[in-house]
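Input: a single structure, listed below in structure tokens.
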Amino acid sequence: MSVTHDNQGDAISRDVPQDALALIDAGGNGSERSYTYGDIVRLSGAVARGLLKRGLQRGDRVAILSANRAEFLLTFLGTMQAGLVSVPVNYKLPAETVAYIVGDCDAKLVIGDDTRLKLAPDDVPKVSFDKDFASLLDAQLQEGGPFTPQKMQPEEPAMFLYTSGSTGRPKGVVLSHYSHLWAISQRVRRPVPQGQRSLVAAPLYHMNGLAMCQTTLNQGDTIVLLPQFTTRGYIEAAARHRVQFLTSVPTMIAMMLREKELLASSDLSAVEAVRMGSAPITQSLIDQVRTVFPKAAISNGYGTTEAGPVVFGPHPDGIPQPDLSTGYPHPEVQLRLVRDGREVQGNDAEGGVLEMKCGALMTHYHKLPEVTAKAMTPDGYYRTGDVFRRDENGFFFFVGRADDMFVCGGENIYPGEVEKMLERHPGIHQAAVIPIPDELKGHKPIAFVVRAGGAELDEQAVKSYALANAPAYQHPRQVIFIDEMPLAGTNKIDKRVLAQQLTRQIPTGGES
């Protein structure tokens with residue numbers, strides 16, 4: 001398949017009727033709004049025209065700070081149609097980090113909902129979806145006539161997606177127009193009638209949900225968009241809208257499966273495919289999904305912000321994909337496993353760090369040439385930092401991170417960053433964070449804390465501090481106070497000793 005557009009914002013199917021349903025915005029307040037393909041083209045074009053009328057110049061960055069909603073997608077598309085750069089921002093980050101991202105990308109404008117716009121610094125102009133957006137659209141729609149998207153060079157930036165910032169400041173991943181146009185062109189549509197409905201509840205500042213929306217619009221199908229994930233909202237939307245394709249991170253599905261009464265009373269017979277990605281999955285989860293959706297094809301997705309969502313696919317010889325495998329290398333993607341500086345051959349049990357080269361590769365990290373150089377090999381491969389192994393048929397299996405990062409409910413957590421945050425508390429002398437396995441979240445953080453001299457500090461105080469000073473998913477689900485940290489021979493904290501204590505300290509169950 002070839003790339004047929006030059007502007008990523010214009011990769012909207014023209015092969016379906018203008019009145020075909022493109023988007024159902026299943027708003028959180030009980031209201032639902034539907035948009036046809038004609039609406040999406042017309043309204044995203046109006047956004048583009050309105051942004052240019054504000055004096056924004058080609059290449060200027062526009063930050064989007066909002067829960068999932070139709071206006072988010074229209075702004076995302078319209079920004080790029082205007083030759084501007086779209087910067088979706090994680091609104092779960094602290095205001096200080098949001099301000100850093102807005103400043104780092106040199107945003108000339110921040111557009112979003114009233115609730116989350118407050119996180120953005122006031123020295124950058126703001127446009128509210130709830131107050132200003134309708135008038136911006138109306139003024140441009142009255143001009144009449146379709147907007148002609150800017151013709152873009154393949155290497156020009158289309159969007160910045162920022163990493164989670166767990167290893168320090170978030171890094172702006174610069175993605176060109178060609179990168180995601182290539183990714184869209186490589187995603188093979190399921191052989192089903194036009195208009196299949198895909199449920200998207202993952203936040204649109206993440207690659208997972210955003211790429212799914214782009215692909216769906218390019219293929220002429222229908223997005224059912226939830227503002228955010230709740231188990232009840234997800235199940236009810238899937239049933240009400242006869243959704244065929246569920247996209248998710250594994251935690252979302254695991255939480256959904258706990259709602260046994262609601263599942264039993266909901267008609268989910270339309271579901272034909274369940275795609276999970278962005279975090280490891282377990283055989284137990286797959287088995288449970290099969291019980292609830294007996295006729296659904298279940299797939300285990302893998303992708304990275306830096307190199308896109310297209311990495312694996314089916315085996316060329318038709319060999320069935322093992323449940324826990326991420327798949328066989330996509331024919332247009334070059335993959336290799338590297339351990340100790342050498343490429344791993346065959347089905348080596350230990351595997352190696354995945355390196356990849358494809359059309360979706362980022363251009364660079366914004367303003368970070370040294371970090372970019374470290375992430376890329378001299379021959380143009382991206383070092384993912386993810387360890388994989390390969391079986392005798394060439395199928396790949398995710399093993400874990402090369403460093404100590406762990407995934408909690410689809411969010412990456414780096415213990416060192418949580419420790420640094422906790423140690424800013426005046427009552428904490430030292431903190432060490434350990435992941436423990438969790439059926440629902442994959443892993444969750446536990447903190448060992450040495451109190452500062454004389455400090456009166458209890459578990460709830462530590463949790464409250466973490467919730468106030470970091471994304472909620474980083475807060476330790478249990479806090480264990482100890483008198484001193486065990487040290488290894490290098491005089492570093494010996495986390496293996498702490499991990500051994502966990503079996504004696506941690507009760508079963510607990511918070512998720």
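Only helical DSSP H runs with n ≥ 4 go in: add -39500 (n - 2.57) per run for the chain, normalise by residue count and round the 222 nm mean residue ellipticity to 500 deg cm²/dmol.
Calculated from helices alone, the mean residue ellipticity at 222 nm is -8000 deg cm²/dmol.
What's the carbon and sulfur percent of the chain's accessible surface, probe 1.4 angstrom, rounded to a whole number?
Of the solvent-accessible surface of the chain, carbon and sulfur hold 50 percent.
Calculate one ³J(HN,Hα) per residue across segment 90-95 by plugging θ = phi - 60° into the Karplus curve 6.51 cos²θ - 1.76 cosθ + 1.60, and present them in order as whole Hz with x for glycine and proline.
5, 7, 7, 6, x, 3
All other residues with a Cβ under 11 Å from the Cβ of GLN196 taken together, and with Lys, Arg as +1 and Asp, Glu as -1, what is their net charge?
+2
For a quick protection proxy, order the peptides 265-272, 453-460, 424-431 by their average other-Cβ count within 10 Å, most packed first.
Result, highest mean first: 424-431, 265-272, 453-460.
Going highest first, how would you order 206-215, 137-146 by mean Cβ packing within 10 Å?
Per-residue mean Cβ counts within 10 Å order the peptides as 206-215, 137-146.
Could you grab the relative contact order for segment 26-159? Cα pairs under 8 Å, six or more apart, rounded to a whole percent.
Across segment 26-159, relative contact order equals 29 percent.
Could you rank the peptides 11-18, 322-329 by their average count of other C-beta atoms within 10 Å per residue, with the highest value first?
Output ranking for 11-18, 322-329: 322-329, 11-18.
Top to bottom by accessible area (1.4 Å), largest first, where do ARG58, ARG116 land?
Highest to lowest solvent-accessible surface, that is ARG58, ARG116.
Check ASP130: other-chain or 5+ apart residues with amide H under 5 Å from its amide H, H built from backbone geometry?
When sequence neighbours closer than 5 places are left aside, the close amide H contacts are ASP114.
Give the shape of segment 189-347 as rounded, prolate or oblate, defined through the alpha-carbon gyration tensor: a ≥ b ≥ c are the square roots of its eigenvalues, a/c under 1.5 means rounded, and otherwise the shape is prolate if a/b is larger than b/c and oblate if not.
Verdict is prolate for segment 189-347.
Convert each backbone phi in segment 366-375 into a coupling constant with the Karplus relation 6.51 cos²θ - 1.76 cosθ + 1.60 (shift: θ = phi - 60°), then list the ³J(HN,Hα) values in order as whole Hz, x for Gly and Pro.
With the stated coefficients, segment 366-375 comes to 4, 6, 10, x, 5, 5, 4, 4, 6, 7 Hz.
What does the accessible area of TYR91 come to, in Å² to the nearest 10, when a probe of 1.4 Å is used?
Surface accessible to solvent at TYR91 totals approximately 30 Å².
Could you state the accessible area per residue of the chain in Å², with a 1.4 Å probe and every protein chain left in place?
I get 43 Å² per residue for this part.
Name the residues whose placed amide hydrogens come within less than 5 Å of the amide hydrogen of GLY313, ignoring near sequence neighbours (fewer than 5 apart) on the same chain.
Here the answer is TYR328, HIS330, since their amide H atoms fall under 5 Å of that of GLY313.
By a straight-distance test (C-alpha under 24 Å), which lysines pair with LYS53 as possible cross-link partners, with residues fewer than eight away in the same chain excluded?
Partners within reach: LYS108, LYS126, LYS131, LYS151.
Count charges around ASP379 for me, please; just the other residues with Cβ under 12 Å from its Cβ, Lys/Arg as +1, Asp/Glu as -1.
+1
Would you mind calculating the relative contact order of the chain from Cα pairs under 8 angstrom and at least 6 residues apart, reporting the percent as a whole number?
11 percent
Straight distance only, please: which aspartates and glutamates reach the Cα of LYS463 with their own Cα at less than 13 Å, same-chain residues fewer than 8 apart left out?
Partners found: GLU419, GLU423, GLU511.
Per residue, how much space in cubic angstrom lies within the convex hull of the C-alpha atoms of segment 71-171?
107 Å³
Can you tell me what share of the DSSP beta bridges in segment 70-187 is antiparallel? A percent to the nearest 5 is fine.
Expressed as a percentage, antiparallel bridges in segment 70-187 total about 55.
Among residues other than THR363 whose Cβ falls under 15 Å from its Cβ, what is the net charge (Lys/Arg +1, Asp/Glu -1)?
Around THR363, the charge tally is +1.
Can you give me the long-range amide H partners of LEU84? Hydrogens built in the peptide plane at 1.01 Å from N, cutoff under 5 Å, separation of 5 or more residues or another chain.
For LEU84, whose amide H was placed from the backbone, the distant partners under 5 Å are GLY59.
In nanometres, what is the gap between the two model label sites at ILE319 and SER265, each 7 Å from Cα along Cα-to-Cβ?
In this crude label model, ILE319 to SER265 measures out at 4.7 nm.
Here are some pairs, LYS357/LYS444; LYS444/LYS495; LYS171/LYS441; which of them have Cα atoms lying more than 20 Å apart in this structure?
Where the Cα-Cα span goes over 20 Å, the pairs concerned are LYS357/LYS444; LYS171/LYS441.
Convert each backbone phi in segment 323-338 into a coupling constant with the Karplus relation 6.51 cos²θ - 1.76 cosθ + 1.60 (shift: θ = phi - 60°), then list the ³J(HN,Hα) values in order as whole Hz, x for Gly and Pro.
3, 8, 7, 7, x, 9, x, 4, x, 9, 10, 9, 10, 8, 10, 10
Let me check against my output: what whole-number percent is the relative contact order of segment 21-65, with C-alpha pairs under 8 Å and at least 6 apart?
25 percent
Of all DSSP beta bridges located in the chain, what percent are antiparallel, nearest 5?
That works out to approximately 60 percent antiparallel.
Note the full-extension length gain between LEU502 and GLN142 as 0.36 nm times their separation in residues minus their Cα-Cα distance, in nm to one decimal.
In short, 123.1 nm is gained.
Could you calculate the contour length gain from PHE481 to ARG242, that is, 0.36 nm times the residue separation minus the distance between their Cα atoms, to one decimal place in nm?
So the chain would gain 81.0 nm between PHE481 and ARG242.
The values are calculated or read from the model by the stated rules, or taken from the named source; none is laboratory data. The structure displayed is predicted, hence computed values, not measured ones. Every residue, glycine among them, receives a Cβ derived from its backbone with ideal geometry; neighbour counts consider all protein chains shown. Ligands, DNA and RNA are stripped out before the accessible areas are found, and what is left, the full protein with its side chains, is counted by its heavy atoms. Shrake-Rupley method; radii C 1.70, N 1.55, O 1.52, S 1.80 Å.
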